[in-house]
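Reading through the structure tokens given below for one structure.
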Amino acid sequence: MDVKKFLVAFGLAATTATFAAQYEAEEATLENGATVSSNANASGGKFVEMKGGDISFNVTAETAGKYTLNVRYKAGSEKTNHIVVNGSQSGDMVFATAR
């Protein structure tokens, strides 16, 4: 699996904060056709097939600030996903084809 990094800002502070947490997509809110599938190579043995669907995470940061978001993924073709924080689009993340 490839790993993408994306800087996400929570709140209005301009400092870089340290905060570590791991969120599994299969435990998030899945909508619009995203489904959980099994794969022994995936973290926890499961992964989410997007199929044009949506994944929503409820993340609580310790303080307002900027955080780095690391995403592990595998894509059969290039795909762009929108990153939305607190209801506002923070940017896009392009996932290149990964094998």
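Any residue that is modelled with pLDDT under 85 and of a type in the set (Lys, Arg) - is there at least one of those in region 33-47?
So far as region 33-47 goes, no, none of its residues is modelled with pLDDT under 85 and of a type in the set (Lys, Arg).
Find all pairs meeting these conditions: Cβ atoms under 6 angstrom apart; at least six residues apart or on different chains; first residue within region 27-55 and at positive phi; second residue surrounded by 14 or more Cβ atoms within 10 Å (Cβ to Cβ) and assigned to a loop (DSSP other than H, G, I, E, B).
From residues that are at positive phi, the pairs are 44/24.
For residue 1, work out the one condition from (1) open to solvent by less than 100 Å² (accessible area, probe 1.4 Å); (2) modelled with pLDDT under 60; (3) of a type in the set (A, V, I, L, M) it doesn't fulfil.
Result: residue 1 passes all but (1).
Taking region 80-99 only, how many residues are among the charged types (D, E, K, R) and at pLDDT below 80?
Residues flagged as among the charged types (D, E, K, R) and at pLDDT below 80 within region 80-99 amount to 1.
Name, by its number, the condition in (1) loosely packed, with under 10 Cβ neighbours inside 10 Å; (2) at pLDDT 80 or above that does not hold for residue 25.
(1)
The values are calculated or read from the model by the stated rules, or taken from the named source; none is laboratory data. Since this is a predicted model, take the numbers as computed values, not measurements. Every residue, glycine as well, gets a Cβ built from its backbone with ideal geometry; the counts of neighbours run over all protein chains shown. For the accessible areas, the whole protein counts, side chains as well, though only heavy atoms, and no ligand, DNA or RNA atoms are used. Shrake-Rupley method; radii C 1.70, N 1.55, O 1.52, S 1.80 Å.
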